[in-house]
Amino acid sequence: MASAAEQTETPSTKAVLRLSDVVPALRERLPPGTASREGFDRYVASLDRETEARERAGEYEHLIYFLLQSQVFTSEPRIEPALSAYELLHGLDLADAAPRITTPPAVARRVSDFVHGLGVRTRRSAKPSSLRSTRSGATAPTRRSRPTSPCTRRSR
């Protein structure tokens with residue numbers, strides 16, 4: 001079995017689990033087809049793919065919630081994700097074989113503010129700006145100026 005130092009992951013390396021690393025008592029509990037080295041490697045690779053897909057989906061979900069609810073990059077009101085999804089789906093003609101999806105205007109404004117805040121140049125905007133700037137020109141609160149709760153305060 002590899003030592004803890006050998007299994008430590010860094011951003012550029014990843015510990016590789018081999019069948020020989022699994023103690024015999026646990027090998028009995030592995031799914032069928034994993035008793036050989038090749039079968040076990042395929043199983044670990046499939047777990048890696050599933051994990052990557054879950055992480056990617058979680059990152060997309062996080063981005064959507066950030067776009068709809070953050071006040072860091074916009075002065076637009078927050079949007080409740082479930083209500084936004086309802087509004088989006090309510091506008092679809094489900095009888096149409098290829099319904100045209102139209103982004104709700106409030107969502108489109110927040111996405112525009114987000115893209116503008118990233119400094120990405122679009123056809124509408126030729127100059128980049130800071131993520132801390134909002135559409136109205138007001139500056140979003142900085143980390144130090146935001147009120148803190150007892151749960152988020154750090155002792156110094």
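The values are calculated or read from the model by the stated rules, or taken from the named source; none is laboratory data. Just so you know, these numbers come straight off a predicted model, no measurement behind them. Methodologically, a virtual Cβ is constructed for each residue, glycine included, from the backbone with ideal geometry; neighbour enumeration extends over all protein chains shown.
Results for (1) free of Cβ contacts under 8 Å to residues at least 60 places away in the same chain; (2) among the hydrophobic types (A, V, I, L, M, F, W, C); (3) surrounded by 11 or more Cβ atoms within 10 Å (Cβ to Cβ); (4) in a loop (DSSP other than H, G, I, E, B), shown as yes or no for each residue.
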{"position": "LEU26", "(1), (2), (3), (4)": "yes, yes, no, no"}
{"position": "LEU30", "(1), (2), (3), (4)": "yes, yes, yes, yes"}
{"position": "ARG42", "(1), (2), (3), (4)": "yes, no, yes, no"}
{"position": "ALA45", "(1), (2), (3), (4)": "yes, yes, no, no"}
{"position": "GLU55", "(1), (2), (3), (4)": "yes, no, no, no"}
{"position": "GLY58", "(1), (2), (3), (4)": "yes, no, no, no"}
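Only one of these is at pLDDT below 90 and closer than 30 Å to LEU118 by Cα: LEU94, LEU89, LEU67, LEU63. Name it. So the residue among LEU94, LEU89, LEU67, LEU63 that is at pLDDT below 90 and closer than 30 Å to LEU118 by Cα is LEU89. Set side by side, the residues ARG109, ARG124, ARG100 differ, and just one is of a type in the set (Lys, Arg) and either modelled with pLDDT of 90 or more or at positive phi (or both), which is ARG109. Name the pairs: first residue in the range 80-94 and β-branched (Val, Ile, Thr), second residue in a helix (DSSP H, G or I), Cβ to Cβ under 8 Å, at least 6 apart or on different chains? Listed by first residue and then by second, the contacts come to nothing, as the list is empty.
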